[in-house]
Amino acid sequence: MPLDLGYRPRAWQRKCHLEKKRFTVLALHRRAGKTELAIMELVNAALSCRKDLALFAYVSPFLKQSKAVVWDRLKARLEPLRLAGAVDVLEGELAVRFRHNGATLRLFGADNPDALRGVRLDGIVLDEVAQIKPEFWEEVVRPALADREGWALFIGTPKGLNLFSKLYFEAEGKQDWARDRFTVYDTDALPEREVAAQRESMSALAFAREYLCDFSAAGDDQVISLAEVEEAARRAFKPGEMDYAPVILGVDVARFGDDRSVIQRRQGLQAFDPIILHGIDNMALAGRVAVEIARWKPEAVFVDSGNGSGVIDRLRQLGHAVVEVNFGGKAADASFSNKGAEMLFAVKDWLAAGGAIPDDVQFKQDLSVRTYWFDASNRIVLEPKADVKKRGMPSPDLADALGLTFAHPVAKREVAPPAAWRGDHAVDYDPLTRAARNHTSPGSTYDPLSLL
């Protein structure tokens, strides 16, 4: 007769058990019951496994965290099986071995990746994924699941943009992947009175992240929020509606490794689909930019000079008047520590003025990933790319390419737009200077021409 382990899943937990795929990403609020869900998913898999020497793992960011949060709860859940002689509890290894099939369920910490290198995993739970380095998943866990096509369950609470948010957004529409999100109002895990008290005591943003599992809730130090880019991705302009504005190309040149070279075209309030190039050398990139210049006849081409001197030299050799831009160079506005920070905040203002972007996951993540702070001179400092990558996010090359289109003011060589064109994002023109005075948010320090 089967032993009762005392697990009574709530409706949302039952849904997760039934609908999970090989790779499942679950965004859950604090105190939702995600640890119990994960424990029982592992126990069920270990009990039913028919493969020899199967290994299942529960991983937290730190081994001490796994031990403190999971170990006693796992042992309590399996106590009926231990009393029946069906499992052996190995305290020193933080492991449980199932006697009937030899399967092992063991606790690990992502702080010691070497403990999992070279092993063969049949299934794994990654808890608090927002705090786990991406290379742990990409270089250690994913290869360990390959031999026997093991599964992975990712659980956690949103905490900015990192490995967890990346996996959550990229799971949509991918084969063998599933994702779901459960707020405090979906789980019935906390009393209504406690939820109301938490909402009263926390900031709106903190409550949105912790209890509404809102990835788009911006942190206080986030330059551009996901909410802002999602709104921009829903905007659309009719063909020809931006013909009044100059065409501008921004070219971000890959620096090293997995960075991407990006060619971004923008005209007025419309940013078009970027051209993304991997593993391309400077001469080949210059040739591709030359093709785009011939195609679109831009009023300005701004090229990243940090690693793009060869691209710039080649384009000038071909007769193109390109402008080099140093992200680390001096900003025109003294309130920014460098040109890179100034350009990204110009993008933020442009979005607020009605800018439209492609509805692309990577584009949206790149735009919203950067944070900022103030230096001793009270200037805005932008989070370095290297720090962004440490958080598990790709280098924000697409955002940099769009930022380059705001490097300097650009006037169109043609006449102002027809008087018939008006709308929510209308601009006023001075026919003598052809300068656009865009209605930006109060306090903006940007030259209005930079919004064109």
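The values are calculated or read from the model by the stated rules, or taken from the named source; none is laboratory data. Keep in mind that what you see is a predicted model, and the values were worked out from it rather than measured. Heads up, the Cβs are rebuilt from the backbone with ideal geometry, glycines too, and the neighbour counts pull from every protein chain shown.
For region 24-87, no helices (runs of 4 or more DSSP H) sit wholly inside it while including 1 or more residues that are farther than 27 Å from Phe207 by Cα, of a type in the set (Lys, Arg) and not assigned by TED's automatic domain parsing to the domain that holds Ala189. The test for being surrounded by fewer than 19 Cβ atoms within 10 Å (Cβ to Cβ) and closer than 24 Å to Gln13 by Cβ holds for Ala178. Residue count for region 268-290 satisfying the condition of being more than 25 Å from Pro239 (Cβ to Cβ) and among the acidic types (Asp, Glu): 1.
The criterion of being more than 24 Å from the chain's Cα centre (by Cα), over 26 Å from Asp220 (Cα atoms), among the β-branched types (Val, Ile, Thr) and modelled with pLDDT under 95 holds for Thr433. Here Val325 meets the list (1) β-branched (Val, Ile, Thr); (2) modelled with pLDDT of 95 or more; (3) out of contact with any Ser or Thr (no Cβ under 7 Å at 6 or more places or on another chain) almost entirely, failing just condition (3). The criterion of being assigned by TED's automatic domain parsing to the domain that holds Cys49, in contact with a Gly (Cβ under 9 Å, 6 or more places away or on another chain) and assigned to a helix (DSSP H, G or I) does not hold for Ala152.
Does Asp387 fit the bill of being among the charged types (D, E, K, R), surrounded by fewer than 16 Cβ atoms within 10 Å (Cβ to Cβ) and not in a helix (DSSP H, G or I)? Spelling it out, it is not the case that Asp387 is among the charged types (D, E, K, R), surrounded by fewer than 16 Cβ atoms within 10 Å (Cβ to Cβ) and not in a helix (DSSP H, G or I).
Scanning for something crowded, with 21+ Cβ neighbours inside 10 Å, within 30 Å of Ala290 (Cα to Cα) and assigned by TED's automatic domain parsing to the domain that holds Gly287, does region 326-336 turn up at least one residue? For region 326-336, residues crowded, with 21+ Cβ neighbours inside 10 Å, within 30 Å of Ala290 (Cα to Cα) and assigned by TED's automatic domain parsing to the domain that holds Gly287: present. Please work out which residue is farthest from Ser309 (Cα to Cα), limiting yourself to region 330-352 and to residues that are outside any helix (DSSP H, G or I) and in contact (Cβ under 8 Å) with a residue 12 or more places away in the chain. Out of the qualifying residues, it is Ser335. Taking the conditions (1) surrounded by fewer than 19 Cβ atoms within 10 Å (Cβ to Cβ); (2) among the charged types (D, E, K, R); (3) under 20 Å from Cys16 (Cα atoms); (4) touching a Ser or Thr at 6+ places or on another chain (Cβ under 9 Å) in turn, Glu170 satisfies each one other than (4). Taking region 132-149 only, how many residues are touching a Gly at 6+ places or on another chain (Cβ under 8 Å) and modelled with pLDDT under 95? Number satisfying all stated conditions: 3. The residues of region 219-252 that are among the basic types (Lys, Arg) and under 26 Å from the mean Cα position of the chain (by Cα), listed by number, are Arg234, Arg235. Has region 362-376 got at least one residue that is surrounded by 15 or more Cβ atoms within 10 Å (Cβ to Cβ) and of a type in the set (Asp, Glu)? For region 362-376, residues surrounded by 15 or more Cβ atoms within 10 Å (Cβ to Cβ) and of a type in the set (Asp, Glu): present.
Do you know which residues across region 155-199 are among the hydrophobic types (A, V, I, L, M, F, W, C), under 16 Å from Asp127 (Cα atoms) and assigned to a helix (DSSP H, G or I)? Correct list: Leu163, Phe164, Leu167.
State whether one or more residues within region 196-218 are in contact with a Gly (Cβ under 6 Å, 6 or more places away or on another chain) and small (Gly, Ala, Ser). No, region 196-218 has no match at all.
Here region 167-218 is the region considered, the condition is being farther than 22 Å from Gly33 by Cβ and among the aromatic types (Phe, Trp, Tyr), and the residue that is nearest to the chain's Cα centre (by Cα) is Phe169.
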